[in-house]
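This report refers to the structure that appears directly beneath it.
Here, each number is a calculation from the coordinates, and none is a lab measurement. Owing to the predicted nature of the structure, the values given are computational and were not obtained by experimental measurement. Methodologically, a virtual Cβ is constructed for each residue, glycine included, from the backbone with ideal geometry; neighbour enumeration extends over all protein chains shown.
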Amino acid sequence: MAGIGNREPIRYAVQVLADGPPSVAITDPGRDADLPENQRVTVAVEASDDFGISEMSLVFRVNDGPERAVPLEAETGREVRQAHLWDLTDLDLLPEDRVYYRAEVADNDAVTGPKRASSAEYAFRFPSLYELYDEVSQAQEEHLEALEELARDEDEARQYVEQLRREVLRSEALTWEQKKELEATLEAEEERVSSLDDVAEQVADTVEKLRQQGLSSTELVQKLEEIRQLMAAVTSPELQEALAELESQLEELSPEDIAAALEEFGRKQGAFQERLDRTLALLRQVHAEQRLEAAVRQAADLRDRQSRIGEALRRAGDRPGDLARLEDQEGSLERDTRRLQSELGDLARDLAPLSQPVGEGLEEVAGHMEQNRLSGRMAEMRQALRARQRQAARRTGAGLEEDLGRLAADLDRLQGEFTAGQKAELAAALRRAMADLLHLSHRQEDLARRTAARPPEPAALAAEQYALYKGPDRWWPTWPAWASAP
């Protein structure tokens with residue numbers, strides 16, 4: 001200002017930074033995944049940019065088809081998050097179709113023009129009905145195997161406890177080795193009780209999956225839920241109390257007291273075994289019914305898929321890609337048809353003890369599938385599509401659609417016969433089980449109140465507790481032949 005210079009002036013540097021492209025990512029699901037039965041999914045997108053995001057969309061294609069875009073309504077800003085409920089039902093997907101998708105965004109650079117960016121690409125796969133049922137059926141088979149193993153182990157443990165009781169009475173002593181073996185038996189009993197609770201939770205997960213994916217009728221889902229409740233109640237408090245008491249007093253009791261305690265514990269083991277076996281029988285019955293229902297739905301699905309392939313063939317253009325896609329779909333249909341034929345043979349054997357006419361009917365239907373060469377004719381249709389022989393493919397497809405319609409109708413009829421024969425019996429058994437469980441709970445509460453008011457002699461108390469399970473109105477008093485303990 002006064003002509004005086006600054007020997008060391010402050011220098012200010014302006015650095016010009018190039019505007020980079022925005023960043024974008026799909027955070028949910030953020031991976032390849034199977035489509036649910038309702039074909040509705042939530043896709044979450046996150047994007048950011050120094051200038052701010054102005055546009056956001058999902059870009060997708062079905063298999064190798066043309067790309068399309070779904071605009072996403074999101075607020076503009078430097079950081080944008082958007083969750084979009086995507087309904088894919090209007091895409092008319094067939095099993096094993098894949099929808100490849102990615103997110104695209106643009107910034108609001110008004111100087112040099114908007115810059116665009118894309119996320120990683122993921123895929124939704126539309127699984128076949130067979131795959132969905134196969135996953136659930138495998139889980140149910142594992143539940144049955146776990147319960148069967150528990151029942152076998154419980155029976156062996158009960159026999160060992162009875163054998164040990166007799167040895168104690170005969171020798172009037174319990175050796176060190178016998179004490180260790182008994183301790184191991186009691187620990188194994190605790191593990192079985194815990195394992196049964198785990199299986200009940202797994203059944204609950206299966207029930208929820210059936211309900212969410214619509215893979216079973218409301219009636220069957222309800223039956224499975226009732227069986228899960230019964231499983232949760234199989235381990236009575238009396239068994240657990242007897243187990244804890246025997247473990248805590250093993251070192252203090254005399255041989256005579258140990259023999260008496262083992263006898264009482266054996267009785268409660270027997271009640272536990274009885275309830276476990278009968279719950280297992282119910283679960284086998286409902287699992288067989290669910291497999292039959294699955295077969296009916298799969299047959300109807302095969303018929304519908306063949307019809308849709310025929311309709312698409314009539315509309316298909318001359319491009320090789322159109323026929324190639326139909327060839328792939330027919331190949332998927334062929335695989336699922338072979339699987340259903342194999343399942344019908346296994347199901348016929350498993351249902352025969354429950355309903356001989358239905359078992360024979362299923363075996364006959366499987367035989368008709370083989371005689372009519374359903375899967376073989378599907379292979380021939382694939383070859384015709386590959387050779388671009390449209391007329392031959394149409395003729396083969398029309399015949400397959402007709403035969404698959406008869407297959408679906410035959411299985412639907414057999415399911416009706418099976419349900420009519422088993423519905424009333426199973427429902428009555430479940431009602432009796434739930435009613436008797438409630439009755440047992442009330443009687444146990446009554447016994448606890450009377451015991452608190454005037455404690456009875458130990459022998460009288462044990463006899464009255466035992467009567468709760470073995471009296472004339474014991475738990476699950478009468479059962480149909482199919483639900484009898486093995």
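The simple Förster model, with R0 at 22 Å and r as the Cβ-Cβ distance, assigns residue 307 and residue 380 a FRET efficiency of 0.75. With neighbours defined as other Cβ atoms within 10 Å of a residue's Cβ, the residues 54, 194 order from fewest to most as 194, 54.
Taken along its principal axes, the alpha carbon cloud of region 128-426 reaches lengths of 91, 37, 30 Å, longest axis first. Footprinting exposure proxy ranking of 12, 130, fewest other C-beta atoms within 10 angstrom first, gives 12, 130.
Taking 0.36 nm per residue of sequence separation and removing the Cα-Cα distance, the residue 90/residue 360 pair yields an extension gain of 93.1 nm.
For the pair residue 42 and residue 187, the difference between a 0.36 nm per residue extended length and the Cα-Cα distance amounts to 47.5 nm. Expressed as a whole number of Å, what is the distance separating the alpha-carbon centroids of region 76-115 and region 313-354? Cα centroid to Cα centroid, the span is 34 Å. Using the Cβ of residue 187 as centre and a radius below 13 Å, the other residues enclosed give a net charge of -4, where K and R count +1 and D and E count -1. For region 85-193, applying the loop criterion from DSSP together with a ceiling of 14 other beta carbons within 10 Å to the GluC sites (Glu not before Pro) yields 121, 172. Once you have a ≥ b ≥ c as the square roots of the Cα gyration tensor eigenvalues for region 330-384, tell me rounded if a/c is under 1.5, and otherwise prolate or oblate according to whether a/b is larger than b/c. The shape class here is prolate.
When the trypsin sites (Lys or Arg not before Pro) in region 345-416 are filtered for DSSP coil states and for at most 15 other beta-carbon atoms within 10 Å of their beta-carbon, the remaining sites are 373, 388. Taking other C-beta atoms within 10 Å as the exposure proxy, 368, 84 rank 368, 84 from fewest upward. Across region 23-125, the volume of the C-alpha convex hull divided among the residues equals 92 Å³ per residue.
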